[in-house]
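**Student:** Below is the structure I would like to discuss, written out as structure tokens.
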Amino acid sequence: MKTIYTIKELQNTLSEARLLNQKIGFVPTMGALHEGHASLVQKSVEGNDVTVVSIFVNPTQFNDKSDLAKYPRTLESDCKLLEETGASYVFVPSVEDMYPEPDTRQFDYSPLDTVMEGAFRPGHFNGVCQIVSKLFDAVQPDRAYFGEKDFQQLAIIREMTKQLKYHIEIVGCPIVREADGLALSSRNMRLSVEERENALKISQSLFKSTTFAQTHTIAETQHFVEEAIENAAGLKLEYFSIVNGYTLQPVSEWEETDYIVGCIAVFCGDVRLIDNIKYKGI
Ligand code: PAF
């Protein structure tokens, strides 16, 4: 695996693959890699001739600057995991290379980006679209891989890809969980032993709610999860929304659509965790 530090070097390197008509798979990340990222890289390695993984902690998507400062940076172990997983190139650009001047572009994918994360983290998805579009321009992949844990991000990236007419197949990959159910996240490494124990209630409540949902209304299921989190030690619910999986808008009847997902954001101490569960659908 080769480490590449600049867009220019990346493009020179990939031009050879393109000349040979090789398929390029791309996995954008912010580092602090775990088995969830490894599953995206594996999928890309299986489906493409060349796999590029970017590691870039993107400042423009952090609405809370202390969150940016605390974001874990573990380049050495990240490269080890990528090497083992079979990535061809790891792209580690500088902020100056990605943002030679401030990016003033505004991305508006309303109503996808106005609810849930969009409502609680103003500007977050604008920053995500800024960096992902820049990375797409730099890598020009055939396929790009994103985790379904960031359910809303995946929907917005799909919409951006469509609207900006990128010829890139967006591949969504299932959430990877610890054996006890906690969704893998780079932020988990910031949890104390006690917080890690408390955080487990998030996935447990979501799993239990799928059984509950079979015999209850959406409003009752919503209340079931909210109550479980509010009564759990050390957790603070930011939102739990049961939404149409295509439009991300709240639903009120199970019959409304064939794709229904429950999305949650919870503070565990000062670590903000997200997760989601599918009630109905593809
Ligand atoms: O999901 C992430 O890690 C980030 O939002 C992404 C897509 C790499 C953009 O910085």
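The values are calculated or read from the model by the stated rules, or taken from the named source; none is laboratory data. These numbers were taken from a predicted model, which means no experiment stands behind them. Cβ atoms come from the backbone with ideal geometry, glycine included; neighbour counts cover every protein chain shown. Heads up: the accessible areas ignore ligands, DNA and RNA and are worked out on the full protein's heavy atoms, side chains in. Shrake-Rupley method; radii C 1.70, N 1.55, O 1.52, S 1.80 Å.
**Student:** Inspect the stretch 169-187 for any residue being buried (at least 16 other Cβ atoms within 10 Å of the Cβ) and in a helix (DSSP H, G or I) and give the result as yes or no.
**Tutor:** Among the residues of the stretch 169-187, at least one is buried (at least 16 other Cβ atoms within 10 Å of the Cβ) and in a helix (DSSP H, G or I), which makes the answer yes.
**Student:** With I274, I282 as the choices, which residue is touching a residue at least 12 places away in the same chain (Cβ under 8 Å), of a type in the set (V, I, T) and surrounded by 15 or more Cβ atoms within 10 Å (Cβ to Cβ)?
**Tutor:** Details: I282 fails: surrounded by 15 or more Cβ atoms within 10 Å (Cβ to Cβ).
Sole residue among the options that is touching a residue at least 12 places away in the same chain (Cβ under 8 Å), of a type in the set (V, I, T) and surrounded by 15 or more Cβ atoms within 10 Å (Cβ to Cβ): I274.
**Student:** What's the total number of residues in the stretch 138-154 that are more than 10 Å from the ligand (Cβ to nearest atom) and surrounded by fewer than 21 Cβ atoms within 10 Å (Cβ to Cβ)?
**Tutor:** 4
**Student:** Can you confirm whether the stretch 99-106 contains a residue that is within 15 Å of the ligand (Cβ to nearest atom), touching a residue at least 60 places away in the same chain (Cβ under 8 Å) and not acidic (D, E)?
**Tutor:** Scanning the stretch 99-106 turns up no residue that is within 15 Å of the ligand (Cβ to nearest atom), touching a residue at least 60 places away in the same chain (Cβ under 8 Å) and not acidic (D, E).
**Student:** Based on what the data block shows, is D113 in a loop (DSSP other than H, G, I, E, B), modelled with pLDDT of 95 or more, buried (at least 20 other Cβ atoms within 10 Å of the Cβ) and more than 11 Å from the ligand (Cβ to nearest atom)? Even if it seems obvious, please write down each step before you answer.
**Tutor:** Details: in a loop (DSSP other than H, G, I, E, B): yes; modelled with pLDDT of 95 or more: yes; buried (at least 20 other Cβ atoms within 10 Å of the Cβ): yes; more than 11 Å from the ligand (Cβ to nearest atom): yes.
When the stated conditions are applied, D113 passes them.
Yes or no, residue by residue, for (1) free of Cβ contacts under 8 Å to residues at least 12 places away in the same chain; (2) out of contact with any Lys or Arg (no Cβ under 8 Å at 6 or more places or on another chain); (3) away from the ligand (no atom under 14 Å from the Cβ):
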| position | (1), (2), (3) |
| --- | --- |
| C173 | no, no, no |
| R177 | no, yes, yes |
| L184 | no, no, no |
| M189 | no, yes, yes |
| V193 | yes, yes, yes |
| E197 | yes, yes, yes |
| L200 | no, yes, yes |
| F212 | no, yes, yes |
| T217 | no, yes, yes |
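**Student:** For the stretch 213-236, check the following and say yes or no: at least one residue is within 30 Å of Y71 (Cα to Cα), open to solvent by less than 60 Å² (accessible area, probe 1.4 Å) and part of a strand (DSSP E or B).
**Tutor:** Within the stretch 213-236, one or more residues are within 30 Å of Y71 (Cα to Cα), open to solvent by less than 60 Å² (accessible area, probe 1.4 Å) and part of a strand (DSSP E or B).
**Student:** Just one of N63, N12, N58, N48 is within 10 Å of the ligand (Cβ to nearest atom) and either within 14 Å of the chain's Cα centre (by Cα) or open to solvent by 10 Å² or more (accessible area, probe 1.4 Å) (or both); which is it? Talk me through it step by step, then tell me what you get.
**Tutor:** Details: N63 fails: within 10 Å of the ligand (Cβ to nearest atom); N12 fails: within 10 Å of the ligand (Cβ to nearest atom); N48 fails: within 10 Å of the ligand (Cβ to nearest atom).
Answer to the check: N58.
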